[in-house]
4 protein chains.
Amino acid sequence: MSSILGRIFRVTTFGESHGRAVGAVVEGCPAGIHLVPADIQAQLDRRRPGQSEATSPRSEADRVQILSGVEGDVTLGTPIALLVWNEDRRPSEYEGIRDIPRPSHADYTYRVKYGVQARSGGGRASGRETVGRVAAGAIAEKILRERYGVEVVAWVSRVGSVTAPQPDRCRITREQVDATEIRCPDREAAAAMLELVREVKRAGDSIGGIVSCVCRGVPAGWGEPVFGKLEALLAQAMLSIPAARGFDIGSGFEAASMRGSEHNDPFVRKGERLGTATNFSGGIQGGISNGEEIYFRVAFKPPASISLPQKTADYEGRERELKLKGRHDPCIVPRAVPVVEAMAALVLADAAMLQETRRRGSAP
Amino acid sequence: MSSILGRIFRVTTFGESHGRAVGAVVEGCPAGIHLVPADIQAQLDRRRPGQSEATSPRSEADRVQILSGVEGDVTLGTPIALLVWNEDRRPSEYEGIRDIPRPSHADYTYRVKYGVQARSGGGRASGRETVGRVAAGAIAEKILRERYGVEVVAWVSRVGSVTAPQPDRCRITREQVDATEIRCPDREAAAAMLELVREVKRAGDSIGGIVSCVCRGVPAGWGEPVFGKLEALLAQAMLSIPAARGFDIGSGFEAASMRGSEHNDPFVRKGERLGTATNFSGGIQGGISNGEEIYFRVAFKPPASISLPQKTADYEGRERELKLKGRHDPCIVPRAVPVVEAMAALVLADAAMLQETRRRGSAP
Amino acid sequence: MSSILGRIFRVTTFGESHGRAVGAVVEGCPAGIHLVPADIQAQLDRRRPGQSEATSPRSEADRVQILSGVEGDVTLGTPIALLVWNEDRRPSEYEGIRDIPRPSHADYTYRVKYGVQARSGGGRASGRETVGRVAAGAIAEKILRERYGVEVVAWVSRVGSVTAPQPDRCRITREQVDATEIRCPDREAAAAMLELVREVKRAGDSIGGIVSCVCRGVPAGWGEPVFGKLEALLAQAMLSIPAARGFDIGSGFEAASMRGSEHNDPFVRKGERLGTATNFSGGIQGGISNGEEIYFRVAFKPPASISLPQKTADYEGRERELKLKGRHDPCIVPRAVPVVEAMAALVLADAAMLQETRRRGSAP
Amino acid sequence: MSSILGRIFRVTTFGESHGRAVGAVVEGCPAGIHLVPADIQAQLDRRRPGQSEATSPRSEADRVQILSGVEGDVTLGTPIALLVWNEDRRPSEYEGIRDIPRPSHADYTYRVKYGVQARSGGGRASGRETVGRVAAGAIAEKILRERYGVEVVAWVSRVGSVTAPQPDRCRITREQVDATEIRCPDREAAAAMLELVREVKRAGDSIGGIVSCVCRGVPAGWGEPVFGKLEALLAQAMLSIPAARGFDIGSGFEAASMRGSEHNDPFVRKGERLGTATNFSGGIQGGISNGEEIYFRVAFKPPASISLPQKTADYEGRERELKLKGRHDPCIVPRAVPVVEAMAALVLADAAMLQETRRRGSAP
């Protein structure tokens, strides 16, 4: 685990926020996929800071380079190394805080775990680490789309106390999501969210939110029983995103207050296949996809970096007041949208390939 | 993944609900641990059906046998095979339902995935599969308790619309939890929950709920960055439990509506160590434990097996009415309590051993 | 690693030589395979001691039980637990040797590694551990034979200084191998080998040997580049067998003295496929099977348990003379034959399934 | 497996011979290790072509860059990305051979496996892939040396029919090895080897050889039983090196003709520890190191690229004559020396860290 994810389609990410580069190596990508940097760049651009008032003004082009595994714009089946240089490094911004662990950051836990600590910024715990995930996820998405017809769309469904009405999960598109700065497809809710973010930003504070996601077109049969249940791997993937605090699928936490007679999804014929009339199961039964939409939510805490002064303690336990400089996101969820999509794609691509090993008949 | 969990302390479980036996092999258990069947039996007994009105009347002694890895009541460091025979098998109860997939069960998805299907009951998707988890988890718990002073306690915090007030996470004990049939430490809430379960049972229906869990005494430094974050592995472990639909940690979904200035946990000196004044982080920062209590919630859907007739379709897509026989749990959360504890213990024991590899100095 | 082998078709073995049982759990076996205990028993019977003068008189029926993963004689796709009870345990035979580590056994290294030690016999380091491998390997063989047409045949090619002439690798059968007690298909060499073993046994000594193996019918394309090369996984599998000391494939150590112009295998048309005129590569190029026979050798040291008195030291370093009781194999290679076949089958079955993940087109 | 090796200290390599770059990501490296590019460059320089008459004139500086995981010359405990640009790419040299698979190369098997093929050179099957291994291995070596006092030294012990006398395994140094171009510490044998290589080169041919290796200072207790035996992991690591055909450890293939009474290593007191008087076991018993020197041999075939014309077939099965251009190594073993050392170091570093998880007492 740690920095490696997946069993067949496997991703290793690397890179500190203020080091020389971040990136990923994708192992187990099938050969014969057409792949150019632009396939990856689109999602990296959506992840970039500086795109809206809600996000950090840190400005980097985040141009991805493909160093291996591709020749003549076609994948070779060998490891694909993806590299993004860090351009806008300002470690000096962090100089004043070397002796005070920032509250609800990972400064303290990294120091205890490793006995050393990156000089500046969050190092490996920074949101910049997700560049490698998004780059690798873009490849996973391409395979899912081209080989299996699977689409993944995430959006902001809540910021603070502003909750958007549930969109039509069968139809929502990335274009609709990107139509608002806050990446909420409901324009009215989006406006209220953005207003809230502006207010929070002015106050030097930050705010939490929820990202929802739907995966359409997943055929029945993906996912493994017991510890490799599809929802279990999605949960791991989502809770591994910096600042994620919760995950639920289908009916989710609402299921706790429901009765079986209302929650059970009756089977019905849907054209050639068997489907379900309702979808409280969220497209997964017994850990295995059933052909219906997979949908889930990921809760994010408010970013820990705020401009407001904070009363805390230094590493020696002495009371101190901390005033953070640097460029911060008042609300992370708009930028978390492509990260959630990437993580979902990584889990699904791996599940797809694993299911190929269950196929009958002879090979290769 | 699939039926293997963990990197160092690794568990493989096996067994169908109506096959000959269920069990687990624990690999990577340290040598020199005193271990007798009674250490494991206690948690298996808590998991057993037939203990209260809330649970299935299926009756099995579930006596665990230790087949290997232990000699003279001491672990050898080699794989520990744990076996529980299935005694109360009644596959005939399932005969009428061979051509109709039970709604919100895994009958349909297993058939699509594997092309074959266990003749009776849920096979590997049944709750009986958790016997192996609980047996293995009891060993993990013993190591955590004896080597690291870690305690894990779970309880029922919600059934249907009945929510219990939050207990004192620093003090709650298994004795308090087991003092009520429903395993809710608040007696008033427990009574209301039990009343609700009785009513649901009389109606031939089922009801969902939430299990909460606290892990006390975890030292700072457990958990790995990025994909191996402690909360990510806990999320995978919890969502892998049959019927689990959601997981959140610390502030969880509540974090979505909070501001950074209120959510950040300021550091304070706590005796010899650095602690935090509040604990919205749930004891984990950047994926790594910080020495505070780790606490989380797991949402469970209502059991899919209900006595009420259900309108659904058979495998051919023809409309059918299904009437289930068999012995069902109207509410699974009381029996899920030791399963949640087991899964938490498995994750923490593995994290503990992985952290040993980060130690400085020379070996062995 | 440790007691788990494979990526998709994964085997976990368990059991000490003088504990209650030995066995294995096979995870990732495809569903829909016809499987009865007799499929497994045949190879276990070949592995059993007491079959010839060359092997230990320890006598156990070694009846395998299938505890899970199979219903109505068909695999379900879920973990298959295999159990063999230990019947002929005589730990008392080992009582005199508790304070002296047996030379070239694992008594000393296990004690240092784990700080504890099985009271008797080799514990997990005993040859009895291979029961689980052979049982699991029999399932792997069945899949290879029925789905891919692959056959695996091993034989004794050397005992001490007696070397058998190379048989026709395209045609050799298990019947030919089993026609002699020593499992050497060349009757003349077999007679000389058996004579040597008798002499060694009379002298209270033991003798080494070599097992050769051929895998026929492996299609081109199995095996992964770099660390997962087919020959690398075969080497790991073979060197993991107790008493194995060496492995070579194709031209093997002979390759060191050859020139490229003689060693290169020219391509030729073979019916519909491309084949090679010679096969110094041993059926693998760049870690990937090329469609020709895969063949390799495994060298085994003489068994460490001998009746002759041995001058050695106890755990305190004091000089001692050791005289072993117990029932020993003067030569292990005849019994190693089915173990080598099992390990080859486990590696190939896993490679076959992994290659399924490389297939083009859509799933499932 | 594939391009990822190890359980705790894990290496992912990437890069084609004629792509943009080759490299590796090292995950699980402990924090707090002093690390600068020069630590890695030394072994890369030994691996480079163009250093002697025996090797290819391809000329690249192979300068390693450290992109992540290190700050202020100290490891952070996070993934270390290592990059080496490919400078001397001449894909045009390979243009004539697009329709003929080179004999005993991986052109054919890659094409069958993946359905596509790198346009030029061996792609991922090229010896250039070992750059990532050597870079990662240099880090492993540093940990082994500084934390555990372990030294790894390999040398050329055979070229064609020229065999060097066995050196003193307790004393041989890299300086002695590098004193001759051919990397054989025996000057007389080295001269004969070089003479043979010259002759072979003039003839447009190539020649095989053997690399021997010793690992000194490994404490007792490293390695895991059963499938994770230290010799099994070494065998996998060595057979994964391009052109490797065989591996044996300690007495190796010689063990086949030995008797137990001569092969068993009697225990003797060695200062404070228990040692063995002889070391036919090669420092490993039951898969676990015993504190004596670990030594083994790796056989390499003659390089498949030769200038002599070869009669073979094209992909259509038509007879063709192939005449290779390009820059080839007449004998690979001198350059394989640092690769063997790197692979040994990777296996041992991982074993060392895994053994830390077996330690008693409390953590972290």
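The values are calculated or read from the model by the stated rules, or taken from the named source; none is laboratory data. These figures come from a predicted structure and were not determined experimentally. So basically every Cβ, Gly included, is an ideal-geometry build from the backbone, and we count neighbours across all protein chains shown.
Among the conditions (1) assigned to a loop (DSSP other than H, G, I, E, B); (2) surrounded by 20 or more Cβ atoms within 10 Å (Cβ to Cβ); (3) of a type outside the set (Gly, Ala, Ser); (4) free of Cβ contacts under 8 Å to residues at least 60 places away in the same chain, the only one that residue D:112 does not satisfy is (1). Within the stretch B:111-126, the residues that satisfy the criterion of being at pLDDT below 90 and more than 7 Å from every other protein chain (Cβ to nearest Cβ) are B:117, B:120, B:121, B:122, B:126. Taken together, the residues in the stretch D:146-165 that are part of a loop (DSSP other than H, G, I, E, B) and within 13 Å of residue D:213 (Cβ to Cβ) amount to 1. Against the numbered list (1) within 14 Å of chain B (Cβ to nearest Cβ); (2) modelled with pLDDT of 95 or more, residue D:344 comes up short only at (1). A single member of D:145, D:187 is surrounded by fewer than 20 Cβ atoms within 10 Å (Cβ to Cβ), touching a Gly at 6+ places or on another chain (Cβ under 9 Å) and free of Cβ contacts under 8 Å to residues at least 12 places away in the same chain, and it is D:145.
Every residue, every condition in (1) under 20 Å from residue C:222 (Cα atoms); (2) at the interface with another protein chain (Cβ under 9 Å from one of its Cβ atoms); (3) among the charged types (D, E, K, R); (4) within 16 Å of the chain's Cα centre (by Cα), yes or no:
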site	(1), (2), (3), (4)
C:263	no, yes, no, no
C:315	no, yes, no, no
C:326	no, no, no, no
C:331	no, no, no, yes
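Checking each residue in the stretch C:233-252 for being of a type outside the set (Lys, Arg), facing chain D (nearest Cβ under 7 Å) and either touching a Cys at 6+ places or on another chain (Cβ under 7 Å) or buried (at least 24 other Cβ atoms within 10 Å of the Cβ) (or both) picks out C:233, C:235, C:236, C:239, C:240, C:246, C:247, C:248, C:249, C:250, C:251. No other residue among D:218, D:214 is surrounded by fewer than 23 Cβ atoms within 10 Å (Cβ to Cβ) and more than 7 Å from chain C (Cβ to nearest Cβ) apart from D:214. Each residue in the stretch A:247-266 was checked for being in contact with a Lys or Arg (Cβ under 8 Å, 6 or more places away or on another chain) and either modelled with pLDDT under 95 or outside any helix (DSSP H, G or I) (or both), and 7 of them qualify. For the subset of the stretch D:301-313 comprising residues that are over 12 Å from residue D:105 (Cβ atoms) and at the interface with chain C (Cβ under 7 Å from one of its Cβ atoms), which member is surrounded by the fewest Cβ atoms within 10 Å (Cβ to Cβ)? It comes out as D:311. In the stretch A:194-205, is there at least one residue being more than 14 Å from every other protein chain (Cβ to nearest Cβ), within 17 Å of residue A:40 (Cα to Cα) and either in contact with a Gly (Cβ under 7 Å, 6 or more places away or on another chain) or of a type in the set (A, V, I, L, M) (or both)? So far as the stretch A:194-205 goes, no, none of its residues is more than 14 Å from every other protein chain (Cβ to nearest Cβ), within 17 Å of residue A:40 (Cα to Cα) and either in contact with a Gly (Cβ under 7 Å, 6 or more places away or on another chain) or of a type in the set (A, V, I, L, M) (or both).
The residues on offer are C:342, C:351, C:304, C:299, and the sole one that is assigned to a helix (DSSP H, G or I) and more than 30 Å from residue A:219 (Cα to Cα) is C:342. Just one of the numbered conditions (1) within 13 Å of chain A (Cβ to nearest Cβ); (2) part of a helix (DSSP H, G or I) is not true of residue B:269: (2). Inspection of the stretch D:172-191 identifies no residue that is within 14 Å of chain C (Cβ to nearest Cβ) and either of a type in the set (S, T, N, Q) or closer than 30 Å to residue D:74 by Cβ (or both). If you go through the stretch B:195-225 and keep only what is free of Cβ contacts under 8 Å to residues at least 60 places away in the same chain and among the basic types (Lys, Arg), you end up with just B:202.
Looking across the stretch C:208-230, just one residue is of a type in the set (D, E, K, R) and closer than 26 Å to residue C:176 by Cβ, and that is C:216. Residues to consider are D:23, D:32; find the one that is within 18 Å of residue A:16 (Cβ to Cβ), part of a strand (DSSP E or B), within 13 Å of chain A (Cβ to nearest Cβ) and not hydroxyl-bearing (Ser, Thr, Tyr). Within the list D:23, D:32, the selection yields D:23. Scanning the stretch B:9-25 for residues that are surrounded by 24 or more Cβ atoms within 10 Å (Cβ to Cβ) and more than 14 Å from residue B:84 (Cβ to Cβ) turns up B:9, B:11, B:12. For the stretch D:268-327, the set of residues classified as under 15 Å from residue C:245 (Cα atoms) and without any contact (Cβ under 8 Å) to a residue 60 or more places away in the chain consists of D:279, D:280, D:281, D:282, D:285, listed by residue number. In the stretch B:36-46, the count of residues that are in contact (Cβ under 8 Å) with a residue 60 or more places away in the chain, of a type in the set (Asp, Glu) and not in a loop (DSSP other than H, G, I, E, B) is one or more. Taken as a whole, the stretch A:226-235 holds at least one residue that is free of Cβ contacts under 8 Å to residues at least 40 places away in the same chain and under 19 Å from the mean Cα position of the chain (by Cα).
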